[in-house]
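Heads up: the structure comes next, in structure tokens.
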Amino acid sequence: MPARPRHEMPDFFQNALHARGLMTAYLARPPYQQNDYIGSLRVTRARLETTRQKRLNQMLDELERGDVYMKMKWNGT
């Protein structure tokens with residue numbers, strides 16, 4: 001099975017993490033989660049700005065809480 005593609009972090013994504021003080025929380029997540037937040041949430045591929053912002057805010061809120069990943073309970077391991 002081929003490796004999943006790695007998604008580059010766009011500037012708006014990085015800026016949002018810094019603005020909310022969540023870059024450390026993001027980088028503390030496993031690489032697959034970091035990649036999923038960009039790719040699986042399709043933050044970068046949303047057609048509408050409102051959809052992109054909604055998905056981005058979901059990720060930021062989850063990182064802020066610390067115990068959620070993609071709307072699922074996560075214990076940090």
Can you check what the net charge comes to around Tyr32, using other residues whose Cβ is under 14 Å from the Cβ of Tyr32 (Lys, Arg +1; Asp, Glu -1)? +2
Net +/- balance of residues flanking His18 in space, Cβ distance below 14 Å, scoring K and R +1, D and E -1: -1
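Less than 9 Å Cβ to Cβ from Leu63, Lys/Arg counted +1 and Asp/Glu -1: what total charge do the surrounding residues give?
Here the charged neighbours net out to 0.
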With the radius of gyration and the Kirkwood radius both derived from the Cα set of segment 11-66, what is their ratio Rg to Rh? 0.93
Amide H neighbours of Val68 under 5 Å, counting only residues 5+ apart in sequence or on other chains, H built in-plane at 1.01 Å? Trp74
Where labels lie 7 Å past Cα in the beta-carbon direction, separation of Glu8 and Val68 in nm: 3.1
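Every read-out reported here was derived from the displayed coordinates using simple, explicitly stated rules and does not represent laboratory data. Please read all numbers here as calculations on a predicted model, not as lab measurements. Backbone-built Cβ (ideal geometry, glycine too); neighbour counts: all protein chains shown.
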